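Student: Attaching a single structure in structure tokens format; questions to follow.
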Amino acid sequence: MIIDKQFEKETFKKSVRDNVRFLFRKTLEEATPQQIFQAVSYSVKDVIIDNWLLTQKTYEEQDPKTVYYMSMEFLMGRALGNNLLNLTAYKEVKEALDELGINLNAIEDEEPDPALGNGGLGRLAACFLDSLATLGYSAYGCGIRYRYGMFKQKIEDGYQIEEPDNWLKDGYPFELRRPEYAKEVHFGGYVRVEYDQEKGENKFIHEGYQAVKAIPYDMPIVGYNNKIVNTLRIWDAEPIVDFGLDSFDKGDYRKAVEQENLARNIVEVLYPNDNHYAGKELRLKQQYFFISASIQAAIVKYKKTHDDIMKLHEKVTFQMNDTHPTMAVAELMRILMDVEGLGWDQAWAITTKTVAYTNHTIMAEALEKWPIELFSRLLPRIYQIIEEINRRFIIEIQNRYPGNYEKIKKMAIIYDGQVKMAHLAIVAGYSVNGVARLHTEILKNQELKDFYEMMPEKFNNKTNGITQRRFLLHGNPLLADWVTSHIGADWITDLSQIRKLAIYADDEKAQQEFMNIKYQNKVRLAKYILKHNGIEVDPRSIFDVQVKRLHEYKRQLLNILHVMYLYNQIKQHPEMDFFPRTFIFGAKAAAGYRRAKLTIKLINAVADVVNHDTSINGKLKVVFIENYRVSNAEMIFAAADVSEQISTASKEASGTGNMKFMLNGAVTLGTMDGANVEIVEEVGEENAFIFGLSSDQVINYENHGGYDPHVIYNTDGEIRQVMMELINGKYSNDTELFRDLYNSLLNTQSSDRADTYFILADFRSYAEAHKRVEEAYRDERRWAKMAMLNTACSGKFTSDRTIQEYVDDIWHLDKVKIDAE
Ligand code: GPW
């Protein structure tokens, strides 16, 4: 087999040398690390391309149903190491490079981190692609090739600074430009209605538009050890320059310039908002741009080998990752009617069997509601179609609930001058799913109650998952090898196997080995922290970690307030027996989210004071890791003892970081929110630290005007002290600096409700949970058992399980096998 030969050591070494010569006209000895990364990557890509072709050929022969996973975000992380692992060539290549005097880990670090996503939603899409390829399903990821992905975060004087991340500056070896599959996308203009005599019906003709050319770039998605290579297709924009010199009259010239600007702007940058809708016109353009190109491409592909468009849904399904791609509904209708010539009813019948919707949040500020004015100006034909969908849906509501205008008000797709994308996605989708059991129940019983009542058959739950290939096999090689040596390697593609580790939970030798690996991973992280932060941390201290996007509902503020409280405790009771703790944070704040950025400043201000106070003998350290991203996340999960999952109950739809920590043997300290509920169910309450209000309690307060934090402030002196320290100069000479955070908790100025996220309400219970953590950690054997059981019980949270459920309940894909040649 060619594939294996390529990784025959000598052949591979020669290929790397040749690539350095061809690409850079250098010898290996002269090449820079970046050039060696490129050369190695091209050698790897050669092998991948053979499998890629083989996969596409097999798909053509077997004609399986294909899922198109439509997402504004794919947070892929680095490809080189992951591809090598999935090709099962990592160790061979590492050896080959060693012989050339090259360190593979160092070369991996040369790869830019393709960060075409914000956080959980984008990373979930990346995990899903990995699982789809590994399980042998035909799938495309469809997205945007942002010139600038997620910004690089610098911390200066404790403040977040955003820097553009020009990830394409050296060229990206794992992408392939496919100009032959380019598509045109149209914006603006108007719709002319023409009566078709022959057919006896109206035709709708879109005119006066601006056109942009969409050029696909394909990235290979390598399945684990199965020769399958699927495709992530991300679209770049180029101007259409078709105006000849003779057509240089005024109108054409201006239009040409406008078209060119549109093309230049559209894929320029990823919007850095997580769980927040900003309503920007350019964002709407981005959405339609990639949706139109992707759906056109899918239909062209389908028609190449099928002639009955009425059977599209038998071979194609579009999964919409949140409402961002919901334009797919109207775009598919448009193509079926205006291009394929179908009537409304036929087009609707196909569309409603082809598109499905995943909801990822109930937070009001994340719900997309586009102003009619903007929408209809930018996408007149698409808007017209949505109006018609809305008109027909309202009739349905009236039939079902005669005279009930409240229902129309609550459920209409277009209402109050706005287009509600979630309503469109639910009405057109054949499936609506939440991302954890609790979240789906809240959707059915609260947020989307009216829709659930009207169409219960559409609603289902798909609890999120993560890929163990990246987050254990690649991120934690020591633990991965240890697991394999105890239970064999099947866990790599069947994570349910990992439960076999449970029999070692009481085995003293296994406990020692397990904790020794954790220790080594903590040493690795401590080195990283020393290098990047200049802070010395003790790997024997408890590594207590909260890494995720900075958001009020995720409550990093609760965490740092508790650190301030612990610091007071140590200072006030120096004799107190206190187990050394290292609190590690990592988080990007959306560039325009002021309170989030102020929270970062507070964390760094507390770190400054605490880390430099020699009187506490290093018992407490606080570290803010700069530029948290997929590549350093892998190392952080591996080194964590405690996983902070402390969102206000009901607010975190699922969370996926919680699963990555668990897999790596960290113990959850969290609320009963999102997938934490299911984590506790798997591992047992005795192996997690749960605190705080339940989602029912939170929702109940919210429905009855909130709660009053003043009672707590007035009666709990220690909490009051910590609050006062936000405004008394302890952590900043400027006593006003953190006033907004103080106010957010007590509402002395703003018109918001006080402490919207129940931080003071949960503070005591959080502090007590931390006490229990400390107590458990002191008992080394007890902790080792808890940690090991967390790994052992993480089997449910593989994205392989999630994807299999999507396949069984929603997509109904056919499994493909590529025969060994
Ligand atoms: F608002 N999520 C995210 F629902 O990372 F669209 N970004 C987002 O913009 C949204 C959701 C959106 C996250 C959820 O917050 C998290 O709980 C969940 O685990 C993740 O999506 C994947 O489902």
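Student: Suppose R0 equals 56 Å; then what is the FRET efficiency for M724 and A502 from their Cβ-Cβ distance, rounded to the nearest 0.05?
Tutor: 0.75
Student: What value, in deg cm²/dmol to 500, does the helix sum -39500 (n - 2.57) over DSSP H runs of n ≥ 4 give at 222 nm once divided by the residues of the chain? Don't skip to the end; give the middle numbers.
Tutor: On the way: 32 runs with 380 residues, N = 821.
Value at 222 nm, helices only: -14500 deg cm²/dmol.
Student: Of H474, H573, which has the most accessible area with a 1.4 Å probe, and how do the rest follow in descending order?
Tutor: Descending order: H573, H474.
Student: Two-decimal Rg/Rh of the chain from alpha-carbon positions, Kirkwood Rh?
Tutor: Ratio of gyration radius to Kirkwood radius for the chain: 0.97.
Student: Taking a probe of 1.4 angstrom, what is the accessible area of H439 in Å², to the nearest 10?
Tutor: Here the accessible area works out near 10 Å².
Student: In percent, what relative contact order does the range 651-785 have, based on Cα pairs under 8 Å that are 6 or more apart in sequence?
Tutor: 20 percent.
Student: Label 7 Å along Cα→Cβ of N399; the range 322-343 residues with amide nitrogen under 19 Å?
Tutor: 343
Student: Tell me the relative contact order for the chain as a rounded percent, counting alpha carbon contacts under 8 Å between residues six or more apart. Could the numbers behind the result be given before it?
Tutor: Working: 1488 pairs, mean separation 111.2, N = 821.
14 percent.
Student: Could I ask something else about it? Specify which residue in the list L813, S794, V722 is farthest towards the positive end of the charge dipole of the range 683-821, using unit charges on the beta carbon of Lys, Arg (+1) and Asp, Glu (-1), about the Cα centre.
Tutor: V722
Student: Dipole magnitude of the range 364-491 about its Cα centre, charges +1 at Lys/Arg Cβ and -1 at Asp/Glu Cβ only, in debye to the nearest 20?
Tutor: Around 200 debye, computed over the range 364-491.
Student: Just name one of L438, A767, A237: the one whose Cα is farthest towards the positive end of the charge dipole of the chain (beta-carbon charges, Lys/Arg +1, Asp/Glu -1).
Tutor: Positive-most Cα among the choices belongs to A237.
Student: Sequence-distant or interchain residues sharing an amide H contact under 5 Å with Y628, placed H: which?
Tutor: Here A587 satisfy the definition.
Student: On full extension of the chain, what length is gained from K369 through T735, given 0.36 nm per residue of separation minus the C-alpha to C-alpha distance? Display every interim value, and only then the final one.
Tutor: Numbers: separation 366, 0.36 × 366 = 131.76 nm, distance 3.90 nm.
So the extension gain works out to 127.9 nm.
Student: Kindly flag which residue pairs out of K154/K213; K91/K785; K203/K285 have an alpha-carbon separation exceeding 27 Å in this structure.
Tutor: Check vs 27 Å cut-off fails for K154/K213; K91/K785.
Student: Let me know the Kirkwood hydrodynamic radius for the range 1-149, please, with Cα pairs as the basis and the value in Å to one decimal.
Tutor: So the Kirkwood estimate lands at 16.8 Å.
Student: Compute the relative contact order of the range 188-323 as a whole-number percentage, counting only Cα pairs closer than 8 Å that sit 6 or more residues apart in sequence. Walk me through the numbers before you get to the answer.
Tutor: Values: 126 pairs, mean separation 21.4, N = 136.
In percent, rounded to a whole number, it is 16.
Student: Given a Förster distance of 25 angstrom, what is the FRET efficiency for E387 paired with E184, based on the Cβ-Cβ distance and rounded to 0.05?
Tutor: That pair, E387 with E184, gives E of 0.55.
Student: Compute the distance in nm between two label points, each set 7 Å from the Cα along the Cα-to-Cβ direction, one at K353 and one at K449.
Tutor: Placing both labels 7 Å along Cα→Cβ, they lie 3.5 nm apart.
Student: Determine the share of the chain's accessible area contributed by carbon and sulfur atoms, expressed in whole percent, with a 1.4 angstrom probe.
Tutor: 48 percent
Student: Please give, to one decimal in nm, the separation of the simple spin-label points placed at E99 and D481, each 7 Å out from Cα toward the Cβ.
Tutor: With each label point 7 Å from Cα toward Cβ, the separation is 2.0 nm.
Student: Which Cα, out of Y415, Q520, S744, lies furthest along the positive dipole direction of the chain (beta carbon charges, K/R +1, D/E -1)?
Tutor: About the Cα centre, the residue reaching furthest to the positive side is S744.
Student: Could you give the distance between the Cα centres of the range 324-345 and the range 132-192, to the whole Å?
Tutor: After rounding, the separation between the Cα centres reads 25 Å.
Student: Here's a follow-up. Extension gain N460-I240, at 0.36 nm per residue separation less the Cα-Cα distance, in nm?
Tutor: Numbers: separation 220, 0.36 × 220 = 79.20 nm, distance 4.31 nm.
That works out to 74.9 nm of additional length.
Student: Ok, one more. Which stretch or stretches of the range 466-509 have amide N atoms under 19 Å from the point lying 7 Å from Y519's Cα along the Cα→Cβ direction?
Tutor: Residues 477-483, 505-509 fall inside that zone.
Student: I've got another one for you. Roll a 1.4 Å probe over the protein heavy atoms and report the accessible area of M72 in Å², nearest 10.
Tutor: 0 Å²
Student: For D577 and E260, compute 0.36 nm times the residue count separating them, minus their Cα-Cα distance, and round to one decimal in nm.
Tutor: Fully extending the segment from D577 to E260 adds 107.4 nm.
Student: Further, regarding this structure: Apply the Karplus curve 6.51 cos²θ - 1.76 cosθ + 1.60, θ = phi - 60°, to the phi angles in the range 113-123 and return the couplings in whole Hz, x for Gly and Pro.
Tutor: With coefficients 6.51, -1.76 and 1.60, one gets 8, x, 10, 8, x, 8, x, x, 4, x, 5 Hz.
Student: Mind putting a number on the dipole of the range 504-553 about its Cα centre? Charges go on the C-beta only, +1 for Lys and Arg and -1 for Asp and Glu, and I need it in Debye to the nearest 20.
Tutor: Values: 9 positive and 8 negative charges, 77 e Å.
Value, rounded to 20: 380 debye.
Student: Right, here's the next one. Where in the range 732-772 is the amide nitrogen less than 18 Å from a point lying 7 Å along the Cα-to-Cβ axis of N714?
Tutor: Counting only backbone N, you get 745-749, 754-755, 760-761.
Student: What are the ³J(HN,Hα) couplings of the range 77-89, residue after residue, when phi is run through the Karplus curve with 6.51, -1.76, 1.60 and θ = phi - 60°? Round to Hz, x for glycine and proline.
Tutor: x, 5, 9, 4, x, 5, 5, 4, 5, 5, 7, 6, 10
Student: Calculate one ³J(HN,Hα) per residue across the range 712-726 by plugging θ = phi - 60° into the Karplus curve 6.51 cos²θ - 1.76 cosθ + 1.60, and present them in order as whole Hz with x for glycine and proline.
Tutor: 5, 4, 6, 9, 10, x, 6, 5, 4, 4, 4, 4, 4, 5, 6
Student: Follow-up. Enter the Cα centre distance for the pair the range 1-62 and the range 771-820, rounded to the nearest angstrom.
Tutor: Cα centroid to Cα centroid, the span is 33 Å.
Student: Now for a different question. Just by accessible area at a 1.4 angstrom probe, what is the order of K9, K152 from largest to smallest?
Tutor: Putting K9, K152 in descending order of accessible area: K152, K9.
Student: Would you mind classifying the range 257-412 by shape? Square roots of the alpha carbon gyration tensor eigenvalues, ordered a ≥ b ≥ c; an a/c under 1.5 is rounded, otherwise it is prolate if a/b is larger than b/c and oblate if not.
Tutor: Cα axes put the range 257-412 in the oblate bin.
Student: Nothing charged except the Cβ atoms of Lys and Arg (+1) and of Asp and Glu (-1): what's the magnitude of the dipole of the chain about its Cα centre? Round to the nearest 20 debye.
Tutor: Using only the charged Cβ atoms, the result is roughly 400 debye.
Student: Roughly how many Å² of M724 are accessible to a 1.4 Å probe, to the nearest 10?
Tutor: Spelled out: M724, probe radius 1.4 Å, area about 70 Å².
Student: While we're looking at this one, here's another question. Would you list, by chain and number, the lysines whose Cα falls below 20 Å from the Cα of K817, excluding same-chain residues fewer than 8 positions away?
Tutor: Within the straight-line limit of under 20 Å, K817 reaches these lysines: K57, K65, K227, K315.
Student: Could you rank Y159, Y209, Y707 by how accessible they are, 1.4 Å probe, largest area first?
Tutor: Sorted descending by solvent-accessible area, the residues read Y159, Y209, Y707.
Student: Moving on to the next point. Quickly work out the E536-to-D490 label distance, labels modelled 7 Å from Cα along the C-beta direction, and quote it in nm with one decimal.
Tutor: Between D490 and E536, the label points sit 4.8 nm apart.
Student: Next up: With every protein chain present, what is the per residue accessible area of the chain (1.4 Å probe, Å²)?
Tutor: 39 Å²
Student: Between E780 and Y701, what is the FRET efficiency for a Förster distance of 60 Å, r being their Cβ-Cβ separation, to the nearest 0.05?
Tutor: 0.90
Student: Quick one: which residues, 5 or more positions from T358 or on another chain, have an amide H under 5 Å from its amide H? H modelled 1.01 Å from N in the peptide plane, none for Pro or chain starts.
Tutor: M320, D322, N433
The values are calculated or read from the model by the stated rules, or taken from the named source; none is laboratory data. These numbers come from a predicted model, not from an experiment. Every residue, glycine among them, receives a Cβ derived from its backbone with ideal geometry; neighbour counts consider all protein chains shown. Keep in mind that these areas ignore ligands, DNA and RNA; they rest on the heavy atoms of the full protein, side chains included. Shrake-Rupley method; radii C 1.70, N 1.55, O 1.52, S 1.80 Å.
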